[in-house]
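As structure tokens, the structure follows; a few thoughts come after it.
The values are calculated or read from the model by the stated rules, or taken from the named source; none is laboratory data. No experiment lies behind these values; they were computed from the predicted model shown. Using ideal geometry, Cβ is built from the backbone for each residue, glycine included, and neighbour counts are taken over all protein chains shown. Accessible surface is based on the protein model in full, side chains and every heavy atom, while ligands, DNA and RNA are left aside. Shrake-Rupley method; radii C 1.70, N 1.55, O 1.52, S 1.80 Å.
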Amino acid sequence: MFAWLTTTTNYTESPLILRCRLTRHGESAPYGVGAVRSHLWLIGWFRERITRYETRSRGGAC
């Protein structure tokens with residue numbers, strides 16, 4: 001689940017989201033700390049910068 005949520009291009013599977021792209025790669029992983037993601041939704045445009053990135057090793061919620 002964590003990997004799916006952190007990969008912004010997966011969001012376009014929703015009819016509410018028109019376009020998503022990785023604007024800048026993160027430091028330790030493409031969607032890790034420092035990454036910038038851009039989203040175009042039906043309700044507006046969003047740009048986010050990842051400031052924390054912790055993968056879960058086993059189980060646990062996102």
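When you look at Gly60, is it modelled with pLDDT of 90 or more, out of contact with any strand residue (DSSP E or B) (no Cβ under 9 Å at 6 or more places or on another chain) and open to solvent by less than 100 Å² (accessible area, probe 1.4 Å), yes or no?
Here the answer is no, as Gly60 does not meet what is asked.
Kindly list, by first and then second residue, each pair from a residue in the range 1-24 that is without any contact (Cβ under 8 Å) to a residue 12 or more places away in the chain to a residue that is open to solvent by 70 Å² or more (accessible area, probe 1.4 Å), limited to pairs with Cβ atoms under 6 Å and residues at least 6 apart or on different chains.
Filtered contacts from the range 1-24: Asn10/Trp4.
Scan the range 27-43 and report the pairs whose first residue is more than 27 Å from Pro15 (Cα to Cα) and whose second residue is surrounded by fewer than 15 Cβ atoms within 10 Å (Cβ to Cβ) and β-branched (Val, Ile, Thr), with Cβ atoms within less than 9 Å and a gap of 6+ or a chain change.
Glu27/Val33; Ala29/Thr55; Val33/Thr51; Gly34/Thr51
Would you tally the residues in the range 1-38 being in contact with a Ser or Thr (Cβ under 7 Å, 6 or more places away or on another chain) and among the β-branched types (Val, Ile, Thr)?
The number of residues fulfilling the criteria is 3.
Do you know which of the residues in the range 1-24 that are over 11 Å from the mean Cα position of the chain (by Cα) and within 22 Å of Thr55 (Cα to Cα) is modelled with the highest pLDDT?
The extreme case among them is Arg24.
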